[in-house]
Amino acid sequence: MVSYSYSSSNLLSSFVLCVVLVANAFQWFTSDATSTLMVDGSPNSGRPIPNTFLGAFFEEINHAGAGGLWAELVSNRGFEAGRGSGSPSSIYPWRVIGNESLISVSTDLTSCFERNKMALRMEVFCNGPKSCPPAGVGVSNPGYWGMNIEKGKKYKLVMYVKVKASGPVDLQVSLTGSVHRVNMASIISFSVMTDNNILKWIKLEGILESKATNHNSNLQITTTTRAILWLDQVSLMPLDTYKGHGFRMDLFKMVADLKPKFLRFPGGCFVEGYYLKNGFKWKNTIGAWEQRPGHYGDVWKYWTDDGFGFFEMLQLAEDLGALPIWVFNNGMSIGEEVNMSALSPFIQDALDGIEFAKGSPSSKWGSVRASMGHPEPFDFRFVAVGNENCFPHHEVHYQEKYFKFYDAIKRAYPEIRIISNCDGSKTPLNHPADLFDFHIYPNNSMDMFSKYSVFDKTSRSGPKVFVSEYAVVKDDARNGTLLAALAEAAFLIGLERNSDIVHMVCYAPLFINKNGRYSWIPDAIAFNSHESYGTPSYWVQQLFSESSGAIYLKSTLQTSSNSIVASAIGYRSSQDSKTYLRVKVVNFGSEIEKLRITINGLSSNVQQSRSTKTVLTSSNKMDENSFSQPNKVVPRKSALENASNNMVVSISPYSVTSFDLLVV
């Protein structure tokens, strides 16, 4: 019989307690139970799990933001895509509408916006209904693999136009289906003309109200007037985003349902870039969206207009009720780094970013934040110095830069908690830090299952642990399997057990647009233009959503099985404000396991009413969710009819089960 102790109490006392409990449990083992979990529920016997325990990690990967959470429907709205990729600017995915012999489309550097000079030049050769097609000629944009347009909803159009013509130029803006150009919404008509032969950019705005639903629509801009027209910064946003902040409602809700206590952003490798010029530069992502230059993410290989920028990420964290964790560029990318003599601008950039987030509205960068509609400082407490830069043979390079950032930030903002990239799980760090990053991506599920004890021997005297990226990948995981999720659940149980040192954990990546070229699988949330679903790994995270701020209870698992991992917490439910004891059990084996759960020390008995059992399992351990079967592997909740302080339960093969026992 193997005993896994989940407490750090005195060895002799533990031994005596185990002897007594094993003696008392002998009769239970002879009555079907093959394993026993003994939980100490007595007052003040447990320890608090940090309030920040479970969070979320947003990175611009897999079109998570552009074409995803950020609800902008127009792709390449500024005609800048391609810059930074080694290719000239491209109008893709815009395309010509109508007879191409009647229109010429190109780009030039005539925009009115200094930081993104590219504009679309459209020369129309036909004039009027006799020579132009009835619907006119022009350009259309399909968004990110089709715009989701829904009946009765409204969409705000903004675009900038300049014309050269002998008289008024008619412009029609419409939403059409992908087939036969069927009109999906009210048409907006504009009449634009040159002012005394002086070419001027003008801003046009309007509301398109949909009269039908089509998940694969296009935005279309046409004319029947001979003229030269320039277009730039063409935007179409749904009016029903979360609080009007620009976040797609269904995707925001899925993240919110995880109850994240922190939000790490914006990466990940997206922060670094393969080359520094293509890293995330926060100052280029704030202010008016029209003025943002956008950039090419050369790691994940796509362009983003950066409408979802530094400010929006801070706003997202606030809307989620989560603390923002900003990962900034420390002068190192995947392929290059700056010399120490050139580090000062990066240090100042980090200090300026902190001032933008939490500075007074009268400060230089705090005033910019205030001008964007948020005069109050964000609740900003954490920064991470780079991402995955402290790897073998580069530790010295990273650390000499790290010290410069650490000293500068602590001088200016001593309250800010600083996260190091260097791994202190086996050997203590040789430099100061408040937390250290730990990333883990095992190639198979059994490896992840075995990692539930990875922090058992980590020093308790050093910085706390931030498990900022974890997931099973490759064959066992595929697009997100039950087997991978169960291994991750066991890993999370181990992190709960070590939550005296592990203060934060988040899965990666968060999102994937299934229409795009997959940069990384699996992911927590999959979506297209109008649908979304959680992978099994997403549902595992939901089972741990009450762990932040809960009480970790001492427990001992006695079992002859090497496939069982279990833990117990006490928590106050966010739904009914009542006190529950939650026992989570992972069965990583192919046989049903009988488990006796014994709870001692409670001031009252477990109440059968409202006590429940929630099980995540499926008929095949390699099952996945999909758009056609989004609920194939989801938690199933039922009443727990035999709920008591002493009960025998069946744990299904390849499952994670949460027993929520009402205590008060």
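FYI, it's all coordinate maths here, none of it is from the lab. Small disclaimer: the values here were computed from a predicted structure and weren't measured. A quick note on method: Cβ atoms are made from the backbone with ideal geometry, for glycine too, and the neighbour counts reach across all protein chains shown.
Some points to look at:
- Shown for 239, 553: other C-beta atoms within 10 Å of each C-beta, ranked fewest to most, produce the order 239, 553.
- For the stretch 554-570, backbone phi angles converted through the Karplus equation (6.51, -1.76, 1.60; θ = phi - 60°) give residue-by-residue couplings of 5, 8, 10, 9, 10, 7, 9, 8, 9, 10, 10, 9, 8, 7, 9, 9, x Hz, Gly and Pro being listed as x.
- Proximal lysines relative to residue 259, as straight alpha-carbon distance under 21 Å, when same-chain residues fewer than 8 apart are discounted: 243, 578, 584, 613, 637
- Among 231, 215, 129 - extreme Cα towards positive end, dipole of the stretch 95-238, charges at beta-carbon: 215
- Gap separating the Cα centres of the stretch 372-428 and the stretch 162-222, nearest whole Å: 48 Å
- FRET E, pair residue 283, residue 515, Förster distance 30 Å, beta-carbon r, rounded to 0.05: 0.45
- Taking the stretch 95-238 as the region of interest, the number of lysine pairs whose Cα atoms are within less than 14 Å, with members eight or more places apart or on different chains, is 8.
- For the stretch 654-662, putting each phi into the Karplus relation 6.51 cos²θ - 1.76 cosθ + 1.60 with θ = phi - 60° gives couplings of 6, 8, 10, 10, 10, 9, 9, 9, 5 Hz, in residue order, rounded to whole numbers and with x for Gly and Pro.
- Cross-link reach list, lysines versus residue 514, counting only Cα pairs under 16 Å and skipping chain neighbours closer than eight places: 301
- If R0 equals 30 Å, the separation of the Cβ atoms of residue 410 and residue 336 corresponds to a calculated FRET efficiency of about 0.65.
- Estimated vicinal HN-Hα couplings, Hz - the stretch 330-346 in sequence order (Karplus 6.51, -1.76, 1.60; Gly, Pro = x): 9, x, 10, 10, 5, x, 7, 8, 8, 6, 4, 5, 10, 7, 3, x, 5
- Estimated from helical segments only, the mean residue ellipticity of the chain at 222 nm is -5500 deg cm²/dmol, where each DSSP H run of four or more residues counts as -39500 (n - 2.57).
- Straight Cα distances below 18 angstrom link residue 358 to the aspartates and glutamates 312, 318, 319, 349, 376, 379, 415, with same-chain residues fewer than 8 positions distant left out.
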